[in-house]
Amino acid sequence: MIDVQDLIDFFLLRDPNVRWVVLGIMLMSAASAVVGVFAYLRKRALVGDAVSHAILPGVCVAFLVTGIKNPWILLGGAFLSGYFSLWCINLISKHSRIKPDTAIALILSVFYGVGILLLTSIQNSGNANQSGLDKFLFGKAAALVYDDVLVFSFFGVLLILVVMLLFIPFKVMAFDRDFAQSSGLPVNALDTVLSVMTVLAITIGIQTVGVVLMAALLITPAASARYWTHNLRIMVILAAAIGAFSGILGAFVSYEWAKMPTGPWVVTFLSLIAVVSVLFGTHKGVWAKLRQLHRNRLKMLEENILKCFYHLGEQDHSFTIARSLEEIQEKRLFELRQLKKGLKRLTRKKLLLLHADKYALTDQGMEEGKRVTRIHRLWELYLTKHLHLASDHVHEDAEAIEHIITPEIERELEVHLNFPRTDPHQTPIPYK
Amino acid sequence: MIQQVENPALELHNVTVTYSQKPVLWNIDYTLPAGKLVGVIGPNGSGKTTMIKSIMGLIALNSGYVKIFNKNLSELRHRVSYVPQRGSVDWDFPASVLDIVLMGRLKTHNLFKRFSKEDKEIALECLKKVKMDHFIKRQISELSGGQQQRVFLARSLAQEADLYLMDEPFAGVDAATENAIIELLKEMRTQGKTILVVHHDLQTVREYFDWLLMLNTRLVASGTTEQVFTPNFLYETYGGKLSILAQVGELVKEKSHPLREKF
């Protein structure tokens, strides 16, 4: 179980070691997320993955050349090989018949393969200095020292600052590159800035989560944030928050359980947030869609019941007669449970009145039933007249469409059909 | 027939453009008068979009040059506005209608600058002109095709240019939008703006345009609509047979042959 004291100690950052690690991871995750938003919107998600893998050979070469594990030198090597891989991807997709997705896959596997080769040979070389180099492969946040955190924080802040400063040009470029260029934006320079930023974010992130999981840190926050907002500024802030929050949680898990790795836990929390976003996100989330479906079904049920009452009224030339469940069922076979549910809702909305187990239309309910009936008949007429459908082919369609037509379209239909008196079955169309 | 004019708003001089070796524009050479509504017609793949993009410097020319009001594009970029095809962007982008129109107010000499109050007022004014002022806060992912096109047009208006290059502004829009757009373009013309429009519907050509460019890799005709919108030129533009030019083009591509001896 989680020790409450540990929890308090952790989140108050009482332990100086923890303080550094948490701060570094937070800044790094937030910065990757912010940069990732633009990679995501420019549909370069996979490029991030390729570059992450392509960083490994750079780290190894930097170590082989210098023989020491200075973070600046290793990161320099990582950055160079990351940027070189990006350059190769662009070169291949521009000047050969190979398509971008293939180019990305190619570069990813070739660079990663070379990286693993170099890493293995370094590990077998007997150089005592090499231990810990494999943290680039899988990440090892707990091993972060003050120097690393300094590097992280510097670049993290730098990346976030650049995005804040160049927010508008980046936005225009991400939406419409041709337009950006046509209005005189230095798109090539900005492209380079964005590429450098992506590679930088990956380079600093790699020590925490490793090359394999880095793409998640870059792209997942952006993908999650997109489910909650339509505003790019909010999306960036949200992605940063998601990144930072997952960072803290991941750090906490590895603080509380010594054997737990930080990076994979950060990614686990990121993925959890992504799943929650896909399910419950307000923009195209699964739950929002289901609720919409549910609302549609309820609306159809209610309108169908009112229509049924209206038809019964037409039949008996009186719209105020109270009807029993059996009478309604006889006119139209609703599923009993659904019918009861609908009647209850309509009574609550004061569209129906309940007297001694019988229901009658209120004035408002009558108008509503009339409206649905009118739209149904107008639509049938529209279909026969303008889609040249036979009059016995239009009922099914009208049954569904009657529930979605807005007052504006209804008016258009009336004007367009010149306020017809009857529908294709010669039944009168009731107007207000 | 290529009708040349004095003091042109736009001049293309011997412009040739190739895509992976294959020529898509071949020695295009014309001058356009200022203050006219100009239609560009030609079959699919005849190089209409390529021509607009190369005027805007988005595609490198293999040879020739483009002059706008007798100057290079880089000298008067702010006087030219480009409306790309509606389908060229992803409309599921997190932005509102106002956000997109404000992009027309981008300051390219100072990348760090935010939009001012005046920029916003101009953007609103432009949205009013395309009758989209009730949709300012609407998410662009929720717009219909016609509305998307109006937003693109408003963004272009916000640039307050003198020469407008529009790539198929009438493609896939409803009749109401088409009417609104053409009325707007005519109004812009009376203010002396020059507007070049890539167009597909031959039925409306005579009604919409003063001047016509007929394109099929090469320039078939350039002149007043009255003079060039004739069955002969139409046949030459749209004629089905593979022309000798197209055959040579295929050959050039196949053999990776240069289109100019010297570059």
Would you mind telling me which numbered condition in (1) surrounded by fewer than 12 Cβ atoms within 10 Å (Cβ to Cβ); (2) closer than 27 Å to A:Asp148 by Cβ A:Ile122 fails? (1)
Looking at segment A:131-148, can you tell me whether even one residue there is among the polar types (S, T, N, Q), assigned to a helix (DSSP H, G or I) and either within 30 Å of A:Pro261 (Cα to Cα) or modelled with pLDDT of 85 or more (or both)? no
Restricting attention to helices (runs of 4 or more DSSP H) lying wholly within segment A:324-402, give those where 3 or more residues are in contact with a Lys or Arg (Cβ under 7 Å, 6 or more places away or on another chain) and at pLDDT 90 or above. A:363-386
Answer yes if at least one residue in segment B:68-89 is touching a helix residue (DSSP H, G or I) at 6+ places or on another chain (Cβ under 9 Å), among the β-branched types (Val, Ile, Thr) and farther than 24 Å from B:Asn7 by Cβ, and no otherwise. yes
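Within segment A:152-264, which helices (runs of 4 or more DSSP H) (wholly inside it) include 1 or more residues that are away from chain B (no Cβ under 14 Å) and farther than 30 Å from A:Pro16 by Cα? Explain how you work it out, then say what you get.
On the way: elements: A:167-175, A:177-182, A:187-226, A:232-256.
So the answer is A:187-226.
Being assigned to a loop (DSSP other than H, G, I, E, B) and away from chain A (no Cβ under 13 Å) is the filter here; which residues of segment B:135-165 pass it? Outline the logic, then answer.
To start, the set of residues in segment B:135-165 that are assigned to a loop (DSSP other than H, G, I, E, B) comprises B:135-138, B:143-144, B:158-162.
Listed by number, the residues that qualify are B:Phe135, B:Ile136, B:Ser144, B:Asp162.
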Looking only at segment B:171-214, which residues are without any contact (Cβ under 8 Å) to a residue 12 or more places away in the chain and of a type in the set (A, V, I, L, M, F, W, C)? B:Ala175
Failed condition for A:Trp87, given (1) on the phi > 0 side of the Ramachandran plot; (2) at pLDDT 90 or above, with all others met? (1)
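Quick grid of which residues meet (1) modelled with pLDDT under 90; (2) of a type outside the set (D, E, K, R); (3) buried (at least 24 other Cβ atoms within 10 Å of the Cβ); (4) more than 30 Å from A:Ala103 (Cβ to Cβ):
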residue	(1), (2), (3), (4)
A:Gln5	yes, yes, no, yes
A:Ile8	yes, yes, no, yes
A:Val18	yes, yes, no, yes
A:Val22	yes, yes, yes, yes
A:Ser32	no, yes, yes, no
A:Val35	no, yes, yes, no
A:Ala39	no, yes, yes, no
A:Leu46	yes, yes, no, no
Of (1) among the acidic types (Asp, Glu); (2) within 13 Å of another protein chain (Cβ to nearest Cβ); (3) in contact with a helix residue (DSSP H, G or I) (Cβ under 9 Å, 6 or more places away or on another chain); (4) at negative phi, B:Glu187 fails just (2)
Can you pull out the residues in segment B:209-236 that are surrounded by fewer than 21 Cβ atoms within 10 Å (Cβ to Cβ), under 19 Å from the mean Cα position of the chain (by Cα) and among the hydroxyl-bearing types (Ser, Thr, Tyr)? B:Thr224, B:Thr225
Need the failing condition index for A:Tyr310 against (1) surrounded by 15 or more Cβ atoms within 10 Å (Cβ to Cβ); (2) out of contact with any Phe, Trp or Tyr (no Cβ under 9 Å at 6 or more places or on another chain); (3) part of a helix (DSSP H, G or I), just the number. (2)
Just give me the residues in segment B:79-124 being more than 8 Å from chain A (Cβ to nearest Cβ), more than 20 Å from the chain's Cα centre (by Cα) and part of a helix (DSSP H, G or I), in sequence order. B:Val97, B:Leu98, B:Leu102, B:Lys117, B:Glu118, B:Asp119, B:Lys120, B:Glu121, B:Ile122, B:Ala123, B:Leu124
Those strands (runs of 3 or more DSSP E) completely within segment B:1-61 that have 2 or more residues that are farther than 25 Å from B:His257 by Cβ and in contact with an Asp or Glu (Cβ under 9 Å, 6 or more places away or on another chain) are B:22-32, B:37-41
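The values are calculated or read from the model by the stated rules, or taken from the named source; none is laboratory data. Predicted, not measured: the structure shown is a model, and the values here were computed from it. Glycine also receives a Cβ, built like all others from the backbone with ideal geometry; neighbour counts cover every protein chain displayed.
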